[in-house]
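The values are calculated or read from the model by the stated rules, or taken from the named source; none is laboratory data. As the structure is a computational prediction, the values presented were derived from the model and not from experiment. Neighbour counts are summed over all protein chains in view; Cβ atoms, including those assigned to glycine, are modelled from backbone coordinates with ideal geometry. Surface accessibility is based on the protein's heavy atoms, side chains included, excluding ligands, DNA and RNA. Shrake-Rupley method; radii C 1.70, N 1.55, O 1.52, S 1.80 Å.
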Amino acid sequence: MAPYQFISKGSDQTKEFAKRLAGLLEPGDVIALEGDLGAGKTTFTKGLAEGLGIKRTVNSPTFTIIKEYQGRLPLYHMDVYRVEDSYEDLGFEEYFEGSGVTVVEWAHLIEEQLPEGLLTIRLYHGENDSRKIVAEPRGQRYELLCKELFNEDTIN
């Protein structure tokens, strides 16, 4: 399945894009979030949380690994950067199969534990605070989600 791309001209546009995605999410959806430090992973997650109706402040769970937020759907925000062993049993599957949406920062570090179907979002630095957002669907559910999300009428 081909990747989908969007150029965000700043953090506000990145949040708006994530809010649109949030409106399409269902229980059990998993988003693998990748990007260099400072590329906008937490900004993206903040927009997703706003789109899910979460009122609490969202920040990176770097030292706690998992933070949970309640909204239209629960949001399970994971940062696995500091996980020592990719096979360490931290109960990830309970979140992946749960009633909420799971966002995993640095997901490639636990690739073996990720579900077969998911949406990978990659954020790249651009010029003048812009970001290239690349969505890579894995599975029919996520392909259909991307087709709707990247519909020209809704992306512009």
Query raised in the report: Residue by residue, what Karplus-based ³J(HN,Hα) values in Hz, rounded to whole numbers, does the stretch 67-76 have, using 6.51, -1.76 and 1.60 with θ = phi - 60° and x for Gly and Pro?
Result: 10, 10, 10, 9, x, 3, 10, x, 10, 9
Query raised in the report: Simple spin-label model, 7 Å along Cα-to-Cβ: S60 to L37 in nm?
Result: 0.8 nm
Query raised in the report: Which residues in the stretch 1-35 have a backbone N closer than 12 Å to a point placed 7 Å from the Cα of D129 along the Cα-to-Cβ line?
Result: 9-14
Query raised in the report: Roughly to the nearest percent, how much of the accessible area of the chain is carbon and sulfur, given a 1.4 Å probe?
Result: 46 percent
Requested in this report: Mind jotting down the three principal axis lengths of the chain based on Cα atoms? Whole angstrom, largest first.
Outcome: 41, 32, 31
Query raised in the report: Where is the GNM fluctuation largest for the chain (alpha-carbon springs, 10 angstrom cutoff): K15, K132, K46?
Result: K132
